[in-house]
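Structure first, then comments.
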C-alpha cells in the first residue's frame with residue numbers, strides 16, 4: 001500500500017474534528033472502500049471511535065487517528 005495514500009487519509013482524518021465514515025473518506029481521498037480497508041490495516045494510529053445510528057439497518061464506523069503529542073519526553077529512571 002502506498003505511503004502517500006496513508007498520509008493523505010491520515011491528513012484528512014486529523015483535519016476532521018469529529019472523525020469520518022468510510023464513505024466520507026472515500027469521497028475526499030478518491031479511493032475505493034476496499035483499498036481504504038487495506039490502508040487502515042497498515043495504519044496503527046487509525047481506530048474506530050464510535051458507530052453511527054443504523055441507516056437501513058447498517059451501522060457505520062466513524063474513524064479517527066491518534067494525534068501524537070508534540071513533546072513527549074522519555075521517562076527518567078528513578079532509583080529507590
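Considering helices alone, the calculated mean residue ellipticity of the chain at 222 nm is -11000 deg cm²/dmol, with DSSP H runs of length four and up weighted by -39500 (n - 2.57) and normalised per residue.
When 78, 9, 55 are arranged by Cβ crowding within 10 Å, least crowded first, meaning fewest neighbours, the order is 78, 55, 9. Our summary gives region 3-65 a relative contact order of 38 percent, counting only alpha carbon pairs under 8 angstrom and 6 or more residues apart.
From least to most packed, judged by other beta carbons within 10 angstrom and beginning with the fewest, 49, 41 follow the order 41, 49. When Rg and the Kirkwood radius Rh are both evaluated on Cα atoms of region 3-65, their ratio Rg/Rh stands at 0.95. Of 17, 32, 70, the residue with the greatest mean-square motion in the GNM of the chain, using alpha carbon springs below 10 Å, is 70. Taking Cα atoms only, the orientation of helix 3-15 departs from the longest principal axis of the chain by about 90 degrees.
Where a number appears in this text, it was derived from the coordinates with a stated rule and is not lab data. As the structure is a computational prediction, the values presented were derived from the model and not from experiment. So basically every Cβ, Gly included, is an ideal-geometry build from the backbone, and we count neighbours across all protein chains shown.
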